[in-house]
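*Asks:* Quick one: the structure is below, and I'll ask about it shortly.
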Amino acid sequence: MTVPTHRLAAIIFTDISGYTLMMGEDEANAMRVVKLNQEIHQHYFKKFNCVYQKQMGDGFMAVFNSPIEAIYASALILEETKKSNIKIRVGIHEGDVLFQDNDVYGDGVNIAARLEQTCIPGAIYVSESVKRDLENKPGIFCHYIEEARLKNVRTPLKIYEIKVDNQVIPDSLPESHGNIRLKKVIPWKSIIIAFIMICLIAFWLSTQNSGTEALSTKTVQLPGNSIAVLPFENQGNNSEFDYLGTGFADGILTKLSMLNDFVIISRSSSFKFIKPERTLSEIADQLGVTMILEGSYQVIDDEIRINAKLIGVEQNRVLLAETYNGKLENIFKLQDQASDGLFARLGKTEIKSAKKMPDEYTPSLIAFKYYQEGISKLKENYLYKSSILESRELFQKALKVDPGYLEPLIALSESFQYEIFFGYNSIYYVKDSIEKYIQRASLINPDNGQLMSIKSAISFYQYDTKSAKELINKGIALNPNYALNYYLLSLISVFEANQNDQLRYINTAIDLDPLNSTYQTAMIVGNIILSNFDNAEKLIDASLIKQPGNNMTLFLKGMMLIQQKNYPEGLNALLLRSVGDTTNFLVAYAQGMVGNTEM
């Protein structure tokens, strides 16, 4: 018996339309057709790096490392069989498969087979997982067919027809990474070696608690150094586990953000695509990245299976594809395995700034759920007071279940910081609350980079810029991808009248959190204070095109115009805000300057 191996793969099923009738009419001709069909399939399977194939009567099952290889092979097979007046159907799905005993098993195999059975003769039908990988690929066109319930498939499946302009298909493709090749014949020496390996692996597994799969440390050639992590998609029937999609991605994102030489996009930007309606290419353009980590998961009873893919967006190439299996209660160990595996594959063997606690705390799933629900509210683009208070209640619930859970303590500190940030409270009223939670969190992990950043914000709001800068630099050393650090440095640079540093820092914050409108407005503030009105006006106009009713931007427009002594237009800008016409000192000042002494 060979060692079972799970992998993410593209699976093809094909068969000849009308084969049974053909056999009844002319058996010799039918056998000739099958032989020709076999030659065509095997030629293109080899040409496009097929890792496993099996002939089943008049059809084939084949496995490829990537959907693009499967599509290219299928398109050319379809073209060649048509020339010989052979009508075939093709179904392709990308999903988790199990390689064992020189065969392939799993839901992915079943879905591909069902797709082929629904396909019309002379066509290629694919699932949504394949369709997403092929978006924006030159010469490949996708047409939505229907959403259907397929036999033995738990959830309805969206079905698409793929057409390919064969002119764009390359003569050959480099061998892709991610999966294994299977040999059809295993010589006796290999059996002995395999037996020894099984014994070694069994011994290793007996020392592990997570029940997860080991990862290769082979590195890959990367198309850049910028990565966005998207929320993982729940492919199971139970929406109760939807929170795991953001939770698992957030755990990986938190660890990746400690990498010094990578740009890791903040959650508040990348998690806007929790149910992406845009293509990966469009998402990458908006976030300014060259790579996207996406994935899916399925919970069955107390087991969870997670698929993760790192995609090079420009080439639409799967750089890494891994599957993680284990008990649901061990999801945090799965997170560690996924992030550690990514570090190894990215060429990083350790993170100097990441210090693991000797007895690392593992919260319960219910506490984890409360925390994820709370952090989703706290990471909204613009925070209303109600969102802050609701998030705080959820963090307190998480701590009631698990008092030693670090993340809710940090988030509670952060929630009070945001009260100041959005103008709902003063540092003098919330300072004690922030420090109380910081102190509790520091007892668990004093070297947490986010805690350093929150401490620096307290110093900044008390106008102690020297202490703030010292703490920020410590925070950056521990977590170089936390955008708030650079935002605070940009504000300090404004007070120091250092225009170059102010723009440099705020640009870094925007690079890390490109969809956060707060950082966009911070650049406007810097330009206004430094009297760079032309730049400020351009930024204001661009912001109002995207968000015409943005209260902060309208306030800044009014402030800029009033500073330029253009009181009537400044007053008009302030009165366009949705918060009313008497809620800001600048409104009263502008009213007075235009001669309106009665309200």
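*Asks:* Keeping the other protein chains in place, figure out the carbon and sulfur percent of the accessible area of the range 1-137, with a 1.4 Å probe. Display every interim value, and only then the final one.
*Replies:* Details: 2670 of 5310 Å².
C and S atoms contribute 50 percent here.
*Asks:* I'd like the distance between the alpha-carbon centres of the range 418-475 and the range 480-554, rounded to an integer number of Å.
*Replies:* The two parts, judged by their Cα centres, are 21 Å apart.
*Asks:* When the accessible area of the range 364-466 is computed with all protein chains present and a 1.4 Å probe, what percentage of it is carbon and sulfur?
*Replies:* On the way: 2340 of 4610 Å².
With neighbouring chains kept in place, the figure for the range 364-466 is 51 percent.
*Asks:* What FRET efficiency, computed as 1/(1 + (r/R0)^6) with R0 = 30 Å and r the Cβ-Cβ distance, is obtained for L576 and Q462, rounded to the nearest 0.05?
*Replies:* Details: r = 34 Å, r/R0 = 1.12.
For L576 and Q462, the calculated efficiency is 0.35.
*Asks:* Which residue, chosen from S490, P568, I529, occupies the Cα position most advanced towards the positive end of the dipole of the range 485-576, where the dipole is computed from +1 (Lys, Arg) and -1 (Asp, Glu) charges on Cβ about the Cα centre?
*Replies:* The residue sitting farthest along the positive end of the dipole is P568.
*Asks:* Of the listed peptides 49-55, 521-527, 411-417, what is their order by residue-averaged count of other C-beta atoms within 10 Å, with the highest listed first?
*Replies:* With the highest mean Cβ count within 10 Å placed first, the list reads 411-417, 521-527, 49-55.
*Asks:* Another question about this same structure. Where does each of 65-71, 254-260, 459-465 land if you order them by average Cβ count within 10 Å, highest first?
*Replies:* Working: 65-71: 25.9, 254-260: 20.4, 459-465: 16.4.
Highest to lowest by the protection proxy: 65-71, 254-260, 459-465.
*Asks:* Would you mind checking K137/K163; K309/K369; K272/K377; K47/K158; K333/K369 for any pair whose Cα atoms are more than 18 angstrom apart? Don't skip to the answer; put the middle values down first.
*Replies:* Values: K137/K163 12 Å; K309/K369 24 Å; K272/K377 12 Å; K47/K158 29 Å; K333/K369 16 Å.
As for pairs spanning more than 18 Å Cα to Cα, those are K309/K369; K47/K158.
*Asks:* Let me ask something else about it. Which of the pairs K431/K565; K83/K131; K275/K397; K87/K151 have their Cα atoms more than 32 Å apart in this structure? Mind showing how you got there, number by number?
*Replies:* Details: K431/K565 37 Å; K83/K131 27 Å; K275/K397 27 Å; K87/K151 24 Å.
Checking Cα-Cα distances, K431/K565 exceed 32 Å.
*Asks:* Right, here's the next one. Would you please put 504-513, 25-34, 466-475 in order of how densely packed they are, using the mean number of other Cβ atoms within 10 angstrom per residue and starting with the highest? Each step should come with its number before you reach the end.
*Replies:* On the way: 504-513: 21.9, 25-34: 13.1, 466-475: 18.4.
Peptide ranking by packing, descending: 504-513, 466-475, 25-34.
The values are calculated or read from the model by the stated rules, or taken from the named source; none is laboratory data. Treat the numbers as computed from the prediction; the structure is a model and nothing was measured. Cβ atoms come from the backbone with ideal geometry, glycine included; neighbour counts cover every protein chain shown. For the accessible areas, the whole protein counts, side chains as well, though only heavy atoms, and no ligand, DNA or RNA atoms are used. Shrake-Rupley method; radii C 1.70, N 1.55, O 1.52, S 1.80 Å.
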